[in-house]
Amino acid sequence: MTMTLPTTLGQQWLKEYFFSSIGASSQAADTENLFIYILWINIISFVLLMILLVYFVAKFHRSKQATNYQVSAAHNTPLELTWSIVPLLVMIPIFYWGFTGFADKLAAPQDSEEITIKGKQWKWSMFYRNGASPQSDEMELLHTGQKVTHFIVPLNRPVKFIMSSSDVIHAFYVPDFRTKMDVIPNRYTSMWFYPQKLTDMTINPITGKPKNPPHKVYCAEYCGQDHSEMGAYMSVVPVKEYEDTIRQWTDYPKTITLLKVGEAVWSRKGCNSCHSVDGSKSTGPTWKGMYGAKHSYTNGESDKLVDENWLRRNILYSQERILLHEDDNKVAYPTSMPIFAGQINELEMEGVILYIKSLSDATKAAAENAGKITVQEYRDKEKAAKEGGTAAPAAPPAKP
Amino acid sequence: MSAGYGHHGSYLEYKGGHNDPFWTVKLPRTIWDWASTIDHKKIGVMYLCAILFMFFLGGMMAIFVRTELFNPNTVTTIAGKTVVAHNWIGQHMGVGENIAKSNEYYNRTMTLHGVIMVFLVIVPSVPASLGNFLLPLMIGAKDVAFPRLNLLSWYVYLVGSIFAVMSLVSGGVDTGWTFYTPYSTMTDDGYLRVVWMVTAAFILGFSSIFTGLNFVVTVHKLRAPGMGWFDMPLFVWGIYGAAIIQVLATPVIGITLLLMIFERTFHIGIFDPRMGGDPVLFQHFFWFYSHPVVYVMILPGLAIMNEMIATGARKPIFGYRAVAFSTLAIAGISFIVWGHHLFTSEGEVAAVVFSAITFLVAIPSAVKIFNWIATLYKGSICLNTWNLYALAFLFLFSIGGLTGLFLGSLAVDMHLHDTYFVVAHFHYVMMGGTIIAFIGGIHFWWPKMFGKMYSEIGGTIGFVLVFIGFNLTFFPQFVMGSQGMPRRYANYVEEYHLYHMLSTMGAYTLLAGFLTHLVTFLHSLAAGKKAPPNPWGSLTLEWTNASSPPIEHNFDHEPVVVHGPYDYDNVIPPQTKPGEFVLPRPAAVAIQH
């Protein structure tokens with residue numbers, strides 16, 4: 001629900017004074033209006049009470065008791081009922097308005113962009129739906145020079161944070177959106193909002209400050225030593241830029257090698273729950289020695305060699321071929337591997353193929369050599385290929 | 001009342017011979033007399049001294065906190081070198097370049113301020129000191145119902161304080177006064193100081209229960225002949241309401257703190273999420289006590305207000321019954337609003353119910369304010385120090401109460417929760433309410449307690465400093481809070497700097513005000529004029545029937561109540577100076593309350 005106030009009451013300067021910024025979403029504007037509404041009730045009640053107080057003290061001061069000190073009623077039921085019921089009536093709309101605003105801040109739309117947020121003493125981490133984490137240049141939040149995460153959310157799209165903590169209780173607080181929620185270990189809490197204003201770092205010539213700087217994020221639940229340094233910056237960017245950026249941000253540091261990326265994929269994407277890398281038995285076939293082996297499948301292929309193309313196809317669409325047991329031609333393993341099409345990016349794919357290759361003795365040396373390239377170098381090549389337009393896509397690793 | 005000095009001496013008087021040698025007989029005997037006393041007045045005075053000492057200690061912590069926050073820590077890079085400009089703690093605790101260390105000092109100081117002020121000062125403040133001293137006097141009794149239990153509660157308080165001080169000297173704790181799990185069960189692992197501090201709070205709870213139980217029984221059984229429930233001074237009603245909450249709510253915190261100690265020591269997995277426990281459960285348990293206890297803190301403050309306003313205006317309290325019933329209403333409703341401390345915990349739908357009930361509890365509090373202002377109407381209002389405090393209370397408590405509307409409203413609380421707005425709100429209620437009433441009450445009953453008058457000039461100067469200092473300290477915090485400054489921050493961004501500076505200057509002004517009061521009181525004890533039995537012209541029993549200071553057994557004869565506590569329309573208080581008190585109309589038309 002969005003209520004509005006008469007402009008004479010909801011003046012912009014009042015909001016600017018009490019919030020120091022203009023709310024960045026419609027719910028924030030609703031909260032501001034409610035705040036200003038309560039503020040006026042406060043001011044009117046307080047001024048009335050104090051006028052009476054000061055008037056009585058002046059008029060009935062002891063120095064004037066010869067004339068003004070008189071008997072008056074010691075109680076008056078209608079009056080007392082009035083001043084019990086009127087405040088009650090005044091509070092009903094405040095309660096109701098607060099309730100609708102609360103419900104609005106809690107119930108995220110179905111189509112929200114979901115971002116996972118982890119709180120840990122004393123740092124916030126964000127994970128996007130493709131597994132990416134912010135890697136942009138970090139900014140300073142406090143004078144202490146504390147480096148904090150700078151993450152992005154898309155403009156004009158509902159954004160839902162799904163939050164949990166890995167140690168103590170924190171609270172994710174975005175003052176500009178006028179909302180916060182505790183971040184609790186062992187359970188998920190969520191908050192959402194609808195960003196409607198682009199972050200704009202161009203300098204306003206009048207104030208000398210950025211027109212619309214990134215939103216500050218604080219931890220609002222006391223969490224120990226560096227509680228006051230546990231912040232983040234959040235920028236609102238156009239959807240296109242958002243999509244491009246999170247595609248570029250994977251959660252792999254730029255300095256690690258492609259082989260390491262493959263190893264990380266093995267654990268992060270959950271491959272490790274079915275595929276061992278040391279030859280031990282598990283739910284799925286082990287990766288040790290897989291590359292270069294020949295197998296038969298339910299789709300009729302027999303003695304098919306496991307190579308790069310095979311691996312790529314089977315990771316993306318795992319249900320196409322089901323491995324048959326060598327002895328009895330029956331299905332050898334449960335057919336429960338997820339389909340990874342759309343779940344894994346090119347970097348991860350190349351990394352994991354190299355990693356699997358490195359687990360076969362024959363291809364170990366070649367894979368390790370090819371896997372020396374770092375994520376940074378990989379990105380540079382990718383960028384060069386894109387800009388050059390003519391350059392061929394990253395060359396497939398040489399066959400053994 | 002000069003008859004009072006006939007065969008009984010003042011309770012403060014030395015009972016031995018006049019020629020006893022000081023060091024060998026007089027001093028040890030005096031100490032023993034006080035340490036073993038079961039006289040509610042002496043116990044009240046001992047509590048008063050202890051609480052004021054703790055108030056000083058907690059206040060100094062607040063001064064450290066404010067000093068620390070005057071400037072933020074800054075790190076700048078000058079010619080490629082990182083230069084740390086520390087705030088106060090950083091400069092004076094020798095932490096060098098280490099900002100984390102300075103944050104840790106801040107966190108410990110902030111926690112100690114909270115723990116000391118809540119558990120050692122404001123919960124026992126009015127009931128244990130003024131309540132102990134005045135409750136029997138006001139209802140015409142010789143003592144409380146269980147005098148020995150009363151002495152025990154004092155010693156339990158002392159033991160609790162010793163545990164708190166042990167924790168303090170061994171490094172203090174950094175959990176915040178709310179001891180939220182799982183932080184409180186993980187921090188300072190391997191040290192006993194958290195356990196000591198929690199044990200202190202646990203033990204202090206028993207002191208609180210003993211006092212509460214004692215008062216409930218005293219009010220029920222020991223009222224003087226002729227004093228019905230609605231002939232009791234409203235101070236007694238307030239203390240009674242608080243005592244009921246103390247007895248019913250304190251066991252819950254006792255159990256909770258015990259569970260927390262077990263969790264820390266034996267890792268039983270009730271609150272620890274790593275073992276399947278629920279950290280939010282602790283918050284529910286904690287606030288199930290700590291919210292009612294907010295009213296243990298404020299009801300006695302409201303109780304003092306009744307006596308000061310009625311005496312200060314020489315009028316019956318307007319709507320006596322409404323005030324009495326609102327006391328009970330507050331005590332009752334206080335048990336079902338704890339959830340409003342958890343609005344942002346998980347976003348539960350139950351928050352809606354708690355929000356509604358929270359608004360409901362505002363009504364009886366508002367009714368009291370209206371009644372007091374109506375009491376002033378056609379009165380004869382004096383501006384003695386204590387009545388200035390009563391009027392200041394109306395000012396500050398109105399702000400404290402009204403700003404509660406922001407926090408009770410769910411959508412706004414999502415923004416304001418755990419910011420400085422909350423800090424300002426509860427300081428306006430707890431300090432602007434309870435402590436202001438407490439300081440006013442000490443001024444009001446000082447002549448009765450110690451038989452000496454104090455300098456009104458000293459008192460007024462102190463009051464002005466406290467009033468200005470208080471508002472300067474806490475009003476900017478409302479603005480900071482609504483602008484988004486989270487609480488319990490050792491450090492902050494530049495945009496809040498001005499407000500923090502104002503707030504810190506206010507804290508120094510407050511300190512100056514309290515020190516002025518201290519000097520005034522010490523001067524009064526050393527050189528104050530002898531107090532008449534009823535210097536303010538009040539009608540409650542402690543003023544009309546007892547001398548200043550009261551004799552050991554309070555009254556020469558058991559008083560018989562012949563008029564109401566605020567029957568200024570019909571009765572001229574005894575010991576009023578000739579011509580000072582004017583009744584402008586015949587007593588026959590007096591209206592009964």
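All of the numbers you see were taken from the coordinates with simple rules; none came from a lab. Quick caveat, the model's predicted, so the values are computed rather than measured. Cβ atoms come from the backbone with ideal geometry, glycine included; neighbour counts cover every protein chain shown.
Relative to the Cα centre, the charge distribution of the protein assembly as shown, modelled as +1 at Lys and Arg Cβ and -1 at Asp and Glu Cβ, gives a dipole magnitude of about 1780 debye.
Against chain B, whose longest principal axis comes from its Cα atoms, helix B:320-333 is set at around 30 degrees.
Here A:Glu326 and A:Asp200 are evaluated by their C-beta separation; at R0 = 51 Å the FRET efficiency comes out at 0.20. Using a simple spin-label model with pseudo-atoms 7 Å out from Cα toward Cβ, B:His563 and A:Cys274 lie 9.3 nm apart.
How would you order B:134-140, A:381-387, B:546-552 from highest to lowest mean count of nearby Cβ atoms within 10 Å?
Per-residue Cβ counts within 10 Å, averaged per peptide and sorted highest first, yield B:134-140, B:546-552, A:381-387.
Which of the aspartates and glutamates could be linked to B:Lys41 by a straight reach, that is with a Cα gap under 13 Å, when you skip same-chain ones fewer than 8 residues away? Output for B:Lys41: B:Glu13, B:Asp33, B:Asp143, B:Glu542, B:Glu552. Which of rounded, prolate or oblate describes the range B:112-165 when judged by the alpha-carbon gyration tensor and an a/c cut-off of 1.5? Cα axes put the range B:112-165 in the oblate bin. Backbone N atoms of the range A:222-266 closer than 20 Å to the 7 Å Cα→Cβ label point of A:Glu301 are not found in any residue.
Shielding value for B:264-277 is 1, the average number of Cβ atoms from other chains within 10 Å of each residue's Cβ. Between helix A:239-248 and chain A there is an angle of about 50 degrees, using the helix long axis and the longest principal axis of the Cα atoms.
Across peptide B:178-189, the average count of Cβ atoms from other chains found within 10 Å of a residue's Cβ is 3.
Checking the cross-link pairs A:Lys15/A:Lys147; B:Lys15/B:Lys448; A:Lys216/A:Lys254; A:Lys240/A:Lys383; A:Lys294/A:Lys372 against a 23 Å limit on the alpha carbon distance flags A:Lys15/A:Lys147; A:Lys216/A:Lys254; A:Lys294/A:Lys372 as lying beyond it. Counting Cα-Cα pairs of the range B:390-449 in 10 Å increments starting at 0 gives whole-percent bin shares of 25, 40, 22, 10, 3. Antiparallel beta bridges, as assigned by DSSP with both residues in chain A, represent about 65 percent of the total such bridges.
With an a/c value of 1.5 or above and a/b larger than b/c for the gyration tensor axes a ≥ b ≥ c computed over the alpha-carbon atoms, the range A:64-129 is described as prolate. Peptide A:172-178 has a mean of 4 when you count, residue by residue, the C-beta atoms of other protein chains within 10 Å of its C-beta.
Maximal additional length on extending the A:Val47-A:Lys59 stretch stands at 2.5 nm, based on 0.36 nm per residue less the C-alpha distance. For the pair B:Asn19 and B:Glu348, the difference between a 0.36 nm per residue extended length and the Cα-Cα distance amounts to 111.2 nm.
What's the ranking of B:231-241, B:527-537, A:152-162 by average number of surrounding C-beta atoms within 10 Å, highest first?
Answer by packing, highest mean first, reads B:231-241, A:152-162, B:527-537.
Our helix-only sum for chain A, with -39,500 (n - 2.57) per DSSP H run of n ≥ 4 divided by its residues, gives a mean residue ellipticity at 222 nm of -11000 deg cm²/dmol. Under Stokes-Einstein, with the Kirkwood radius over Cα pairs as Rh, the value for the range B:453-496 at 10 °C and 1.306 mPa s is 124 µm²/s. Where both bridge residues fall in the protein assembly as shown, DSSP classifies roughly 70% of the beta bridges as antiparallel. When peptides B:26-39, A:170-183, A:16-29 are ranked by their average number of other Cβ atoms within 10 Å per residue, the highest-first order is A:170-183, A:16-29, B:26-39.
Here's how it looks for A:Lys160: its modeled amide H is under 5 Å from those of A:Glu113, A:Glu114, A:Ile115, which are all 5 or more places away or on a different chain.
Its convex hull of Cα atoms gives chain B a direction-averaged projected area, equal to a quarter of the hull surface, of 29.5 nm².
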